[in-house]
Amino acid sequence: MQPISIELPHRDFSAIKKAGLALCAVGFLFMIMALMEVSRSNPVLFFMLSAGSMVTGALVFILPQLKESPAGIKHNRLFFLSATSRGFWGWAAAVFFTGFYVILYWFPQYLENLIRTTDWLSWIMRGKPADQWFLYGFYYTLAVVVMGIRMIVKNRHNRYQIIRTCSVMFFQLGFAFLIPGLLQLFNQPEFYFTYFWPLKYSYLFPNDIQWLMSQPGGLGVFMIYWGAMMSFVATPALTYFFGKRWYCSWVCGCGGLAETLGDPYRHLSDKSLWSWKIERYLIYSVLVFVVMTTLLLWINSATQGAMFGTWSQNFSSVYGFYIGALFSGVIGVGFYPLMGSRVWCRFGCPMAAILGLLQKYWSRFRITTNGGQCISCGNCSTYCEMGIDVRAYAMKGQNIIRASCVGCGICSAVCPRGVLNLENGPMEGRYNLGR
Amino acid sequence: MDSLVIIGNGITGMTTARLVRKQSDRPIIVISDETDFFYSRPALMYIFMGHMKFEHTKPYEDWFWEKNKIQLLRATVTSIDTNAKSIALNNGQTLPYGQLVIATGSRTNKFGWPGQDLTGVQGLYGMRDLELMEKNTSNVSRAVIVGGGLIGIEMAEMLHSRNIPVTFLVRETNYWDNILPQEEAKLVGRHIREYGIDLRLGTQLKEILPGNDGRVRAVLTDKGEEIACQFVGLTAGVTPNTDVAKSSAIEINRGILVNEFLETNVPGVYAAGDCAEFRMNRPRHPKIEQLWYTGRMQAETLAKTLCGIRTPYDRGVWFNSAKFFDIEYQTYGFVSNLPMPDEESLYWEHPEGKHCVRIVYDKTNRTVIGFNLFGIRYRQAICERWIRDRRTVEYVLENLAEANFDPEFFREFEHEVIALFNSTNPARKVLLKRRRGLFQMA
Ligand SMILES: Cc1cc2nc3c(=O)[nH]c(=O)nc-3n(C[C@H](O)[C@H](O)[C@H](O)COP(=O)(O)OP(=O)(O)OC[C@H]3O[C@@H](n4cnc5c(N)ncnc54)[C@H](O)[C@@H]3O)c2cc1C
Ligand code: SF4
Ligand code: SF4
């Protein structure tokens, strides 16, 4: 509506950063080549050429920022660059991510040659050849680590961000990649200690429980116990003390990817009241869906199939297809460059739904506002990946207590007037009315 | 019913409209010639730097105004007829009013410098200036900014984000030291230079020189130096925009004159925000308040009066905040730039030179008068309470952690501030009562 036409500014990336980008592009081309027959002759070489060049290129792009300018919030040009403002490169990235997930879930045969380039690592880690999920896990973890370094460099003036980013990198690398791999090396069940029901819904499904029970040694039983404790005891307790952030922006792998790979897109989340409405309908529907699926499966298992026959299994497959794969993967990550980094966490994740309800009604967490200092600039709302209109509260001097807030702390970091602070305190008086 | 007409859709006009609407159903019309919808003026810089788009700077979604039956009109008000109780618009319309609020804001100061109207020379106040700046700064190899206030440094940051070399002419001996004490002014000055800004202290503009194309070619300083540039930003303050009231019965001095109820000399006509000037003397408070916060607070007071509860304006304990590139600044109470005879101050600065705390207190009764914070966030409510309750500097220091508003895990400097105090006041040693820690809240 505003007749303002901002042309593309003439400032460009420095030569070294361009070189980094170029190296990334070269690595990407090798990755495409690795999909083909040629890579068979020397998969390790292709691994080095693709993953190696991409990582090196990314670091060459990222690290010079340490010297480029003093530490501080640097969002210069984000809304001018095509990659970060839904321009050509943004759409290209979205098509690439989406396409990758579609192939990964439903046409993994096309990834065969690429999977072979990670065999060597899979043998070392797991004592068996790689499969599509190993490939996925490897690149996922790599993205979290490399883009985590970027996040730390970018926020090097902010200890909360540094520690939090180290935490998501640690949990992804250790608990979602190395430990599940090593477990297999020692003939133990592949298990992710940082995922539990309802996000990893199958961990409370009868099938998984029977499978874990049937494992030799006590570890399987411990895993069942661990999962149940995390879902029903640790989740409410930790959320009571710290808010949902202890999981969503400190531990969770989906959150970890959003906070690292997704960070350049965080400002693209929709802040309208309308989208908040959609969010509530969707996320609680998914929660109901997963609870029903779990119940159906258990009733069926208890009655030995007398009650629903194959019907409950179908129900669970539908959940797996639409929510587990399509929503959390294809849309959840594929749409990063279009709708921001938390599409799944905001609109779909049943774990987030439960944590959110706890955060809203039974938690000491809140974001406090500092008196009347808000200048309504909008940085907080713009950079909230969950699409929360933080400013609407800050202007009134109200505390921000929203089910969806993942406590990333970015609103507090970008506020130029120091208005916002994430705090844990007594529950009484947590909802203040402001001015 | 008695209609309320408001001229100006800035923070003052819109806050008034919103709060009056909360308490009454009367017709409300807001007129502005700048934008269709209210946006945050202090956020202008972020649009230019690509941090946000214009739409992100609008504090309310567009449907909000219609839903609340606040009618928005895009037009210029050309004159006010206080006898007929009507205003004239530039589209030929006249509009009657029951009550009229003038909230027309400010405009950029121009001090009659030769060449101040050349192409490439401009101030920064509104949307039009931003669009102009977009045009004026393309293909520029050096920019000069004249005037070392808050808008000047914002403009420097804006130009820096586009990689345009900046020379920053500041009349004062240190940046903004007509407001800041020397130490703070130097701290900011160092940071400005860290960004490669060519900061010229104690330097004034004498003349802006034209090229053959009618565009600025260079500036001439009072030191006789000629600095080649293609863009000049004039940021030597703003002045109340009183045009609309000029040919009316409404009394004007520098701003539109109002009493503590924000009433002008004409019954039913009010003025608030940047364009208003208080008649009464208020010690240590300026007569014209040109801030976002004061605009909002004046509007909050005015809305009460407009709804029948005549309320005097009370600024409360002074506060302000800003950001100088990466360094945040907050101030509470009064901190004067020059030492006052009956005041003493504790000034602590971190060795890295990017964080500092100043606490000003009364020499005799030791009550705290003001705080300056750079690179550290303090709680407004706590600082205000300490000042209002006339707490002593010793009490404040003991409880300093209560005021800390920095994010979790940030370095805490309270111990160092207190250690400094103890070393200079060995007879009055204080002990920090508790650290802020991770689980403590005020
Ligand atoms: C770049 C910049 C940064 C700033 N940063 C800060 C900050 O960080 N903190 C802070 O406290 N303050 C800041 N300020 C000051 C603050 O923005 C102003 O004090 C505040 O916006 C004044 O609000 P107002 O509603 O009184 O007037 P304005 O916001 O100026 O609104 C007045 C409106 O009325 C319109 N108008 C005027 N005359 C007419 C007419 N005859 N007919 C129709 N419409 C008319 C104008 O076009 C304008 O849109 C900043 C100002 C600028 C320019
Ligand atoms: S970023 Fe800070 S000043 Fe800006 S709108 Fe949000 S709370 Fe207010
Ligand atoms: S409100 Fe702040 S802390 Fe919460 S998700 Fe949004 S940006 Fe992160």
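Note on the range A:355-372: residues that are in contact with a Ser or Thr (Cβ under 7 Å, 6 or more places away or on another chain) and within 30 Å of A:LEU326 (Cβ to Cβ) total 4. Here A:GLY418 fulfils each of the conditions (1) in contact with a Gly (Cβ under 9 Å, 6 or more places away or on another chain); (2) buried (at least 19 other Cβ atoms within 10 Å of the Cβ); (3) in a loop (DSSP other than H, G, I, E, B) apart from (1).
Scanning the range B:106-144 for residues that are within 14 Å of chain A (Cβ to nearest Cβ) and free of Cβ contacts under 8 Å to residues at least 12 places away in the same chain turns up B:GLU131, B:LEU132, B:LYS135, B:SER138.
Residue-wise test of (1) among the acidic types (Asp, Glu); (2) part of a strand (DSSP E or B); (3) surrounded by fewer than 19 Cβ atoms within 10 Å (Cβ to Cβ).
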{"position": "B:GLU55", "(1), (2), (3)": "yes, no, yes"}
{"position": "B:PRO59", "(1), (2), (3)": "no, no, no"}
{"position": "B:GLU66", "(1), (2), (3)": "yes, no, yes"}
{"position": "B:LEU72", "(1), (2), (3)": "no, yes, no"}
{"position": "B:ALA84", "(1), (2), (3)": "no, no, yes"}
{"position": "B:ALA88", "(1), (2), (3)": "no, yes, yes"}
{"position": "B:ASN91", "(1), (2), (3)": "no, no, yes"}
{"position": "B:LEU100", "(1), (2), (3)": "no, yes, no"}
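Which residue is farthest from ligand 2 (Cβ to nearest atom), if the candidates are limited to the range A:384-402 and must be in contact (Cβ under 8 Å) with a residue 60 or more places away in the chain and aliphatic (A, V, I, L, M)?
Step one: filter the range A:384-402 for residues in contact (Cβ under 8 Å) with a residue 60 or more places away in the chain, giving A:384-389.
Add one more test, that the residue is aliphatic (A, V, I, L, M), and what stays is A:386, A:388.
Values: A:MET386: 14, A:ILE388: 11 Å.
My answer is A:MET386.
With the structure loaded, tell me whether B:GLY196 is part of a loop (DSSP other than H, G, I, E, B), within 14 Å of chain A (Cβ to nearest Cβ) and out of contact with any helix residue (DSSP H, G or I) (no Cβ under 7 Å at 6 or more places or on another chain) or whether it fails that test. It is true that B:GLY196 is part of a loop (DSSP other than H, G, I, E, B), within 14 Å of chain A (Cβ to nearest Cβ) and out of contact with any helix residue (DSSP H, G or I) (no Cβ under 7 Å at 6 or more places or on another chain). So which residues in the range A:400-435 are more than 11 Å from chain B (Cβ to nearest Cβ) and within 26 Å of A:TRP344 (Cα to Cα)? Residues satisfying the conditions are A:ILE400, A:ILE401, A:ARG402, A:ALA403, A:SER404, A:CYS405, A:VAL406, A:CYS408. Name the residue that is surrounded by the most Cβ atoms within 10 Å (Cβ to Cβ), counting only residues in the range A:332-372 that are more than 14 Å from chain B (Cβ to nearest Cβ), away from ligand 3 (no atom under 14 Å from the Cβ) and without any contact (Cβ under 8 Å) to a residue 60 or more places away in the chain. Within the range A:332-372, the match that is surrounded by the most Cβ atoms within 10 Å (Cβ to Cβ) is A:LEU357.
For every residue, the table says whether it meets (1) among the acidic types (Asp, Glu); (2) buried (at least 17 other Cβ atoms within 10 Å of the Cβ); (3) more than 18 Å from the chain's Cα centre (by Cα); (4) part of a helix (DSSP H, G or I).
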residue	(1), (2), (3), (4)
A:ALA71	no, no, yes, no
A:TRP91	no, no, yes, yes
A:ILE124	no, no, yes, yes
A:LEU135	no, yes, no, yes
A:PHE138	no, yes, no, yes
A:GLY148	no, yes, no, yes
A:MET151	no, yes, no, yes
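Candidates in the range A:373-383 are the residues that are touching a His at 6+ places or on another chain (Cβ under 7 Å) and not in a helix (DSSP H, G or I); of these, the one that is farthest from ligand 3 (Cβ to nearest atom) is A:GLY378. Please work out if B:THR331 is away from chain A (no Cβ under 12 Å), surrounded by 19 or more Cβ atoms within 10 Å (Cβ to Cβ) and in contact with a Phe, Trp or Tyr (Cβ under 9 Å, 6 or more places away or on another chain). Taking the combined requirement at face value, the residue does not satisfy it. Being within 7 Å of chain A (Cβ to nearest Cβ) and touching a helix residue (DSSP H, G or I) at 6+ places or on another chain (Cβ under 7 Å) is not true of B:GLU34.
Go through the residues of the range A:384-403 one by one and say whether even a single one is in contact with a strand residue (DSSP E or B) (Cβ under 7 Å, 6 or more places away or on another chain), in a loop (DSSP other than H, G, I, E, B) and more than 15 Å from ligand 3 (Cβ to nearest atom). Taking every residue of the range A:384-403 in turn, at least one turns out to be in contact with a strand residue (DSSP E or B) (Cβ under 7 Å, 6 or more places away or on another chain), in a loop (DSSP other than H, G, I, E, B) and more than 15 Å from ligand 3 (Cβ to nearest atom).
For the range A:384-395, name all the residues that are within 16 Å of ligand 1 (Cβ to nearest atom) and more than 9 Å from chain B (Cβ to nearest Cβ). Passing the criteria: only A:ALA394.
Restricting attention to the range B:402-426, the residues that are under 22 Å from A:ILE162 (Cβ atoms) and within 14 Å of chain A (Cβ to nearest Cβ) add up to 10. Note on the range B:295-316: among residues that are within 10 Å of chain A (Cβ to nearest Cβ) and within 26 Å of B:VAL396 (Cβ to Cβ), the one that is nearest to the chain's Cα centre (by Cα) is B:MET297.
Of all residues in the range B:346-374, which are in a strand (DSSP E or B) and among the small types (Gly, Ala, Ser)? Walk me through it before giving the result.
Within the range B:346-374, the subset in a strand (DSSP E or B) is B:346-349, B:356-362, B:367-374.
Listed by number, the list holds a single entry, B:GLY370.
Criterion applied to A:SER328, A:SER275, A:SER317 was being out of contact with any Phe, Trp or Tyr (no Cβ under 8 Å at 6 or more places or on another chain), within 30 Å of B:HIS56 (Cα to Cα) and among the polar types (S, T, N, Q), and the one residue passing it is A:SER275.
Tell me, please, whether a residue that is over 21 Å from B:VAL188 (Cβ atoms), of a type outside the set (Ser, Thr, Tyr) and not assigned by TED's automatic domain parsing to the domain that holds B:GLU183 can be found in the range B:351-362. Show your work before the answer.
At the first step, the residues of the range B:351-362 found to be over 21 Å from B:VAL188 (Cβ atoms) are B:361-362.
Cutting the leftovers down to of a type outside the set (Ser, Thr, Tyr) gives us B:362.
So of that shortlist, the ones also not assigned by TED's automatic domain parsing to the domain that holds B:GLU183 come out as B:362.
Yes, some residue in the range B:351-362 is over 21 Å from B:VAL188 (Cβ atoms), of a type outside the set (Ser, Thr, Tyr) and not assigned by TED's automatic domain parsing to the domain that holds B:GLU183.
Can you find even one residue in the range A:373-383 that is of a type in the set (A, V, I, L, M), surrounded by fewer than 24 Cβ atoms within 10 Å (Cβ to Cβ), within 16 Å of ligand 2 (Cβ to nearest atom) and within 12 Å of chain B (Cβ to nearest Cβ)?
We begin by selecting, within the range A:373-383, every residue of a type in the set (A, V, I, L, M); these are A:375.
Narrowing the set further to residues that are surrounded by fewer than 24 Cβ atoms within 10 Å (Cβ to Cβ) leaves none.
No, the range A:373-383 contains no residue that is of a type in the set (A, V, I, L, M), surrounded by fewer than 24 Cβ atoms within 10 Å (Cβ to Cβ), within 16 Å of ligand 2 (Cβ to nearest atom) and within 12 Å of chain B (Cβ to nearest Cβ).
For the range B:186-196, which positions are buried (at least 19 other Cβ atoms within 10 Å of the Cβ) and touching a residue at least 40 places away in the same chain (Cβ under 8 Å)? Full working, then the answer.
Filtering the range B:186-196 for residues buried (at least 19 other Cβ atoms within 10 Å of the Cβ) gives B:187-189, B:191-192.
The answer is B:LEU187, B:VAL188, B:HIS191, B:ILE192.
Residue pairs whose Cβ atoms lie under 7 Å apart, separated by 6 or more positions or on different chains, with the first residue in the range A:97-116 and β-branched (Val, Ile, Thr) and the second surrounded by 16 or more Cβ atoms within 10 Å (Cβ to Cβ), are A:THR98/A:VAL330; A:THR98/A:GLY334; A:VAL102/A:VAL330; A:ILE103/A:LEU111; A:ILE115/A:ALA130; A:ILE115/A:ASP131; A:ILE115/A:GLN132; A:ILE115/A:LEU135. A:GLY320 passes every criterion in (1) within 13 Å of ligand 3 (Cβ to nearest atom); (2) surrounded by fewer than 22 Cβ atoms within 10 Å (Cβ to Cβ); (3) not acidic (Asp, Glu) apart from (1).
Taking B:ASP342 as the residue in question, decide whether it is more than 16 Å from ligand 3 (Cβ to nearest atom) and farther than 23 Å from A:PRO416 by Cα. Criteria met by B:ASP342.
Criterion first (modelled with pLDDT under 95, more than 20 Å from the chain's Cα centre (by Cα), surrounded by fewer than 21 Cβ atoms within 10 Å (Cβ to Cβ) and of a type in the set (D, E, K, R)) does A:ARG435 satisfy it? So A:ARG435 passes the test. In the set (1) part of a helix (DSSP H, G or I); (2) touching an Asp or Glu at 6+ places or on another chain (Cβ under 9 Å), the condition left unmet by A:ALA58 is number (2).
The values are calculated or read from the model by the stated rules, or taken from the named source; none is laboratory data. Keep in mind that what you see is a predicted model, and the values were worked out from it rather than measured. Please note: Cβ atoms are built from the backbone with ideal geometry, for glycine as well, and neighbour counts cover all protein chains shown.
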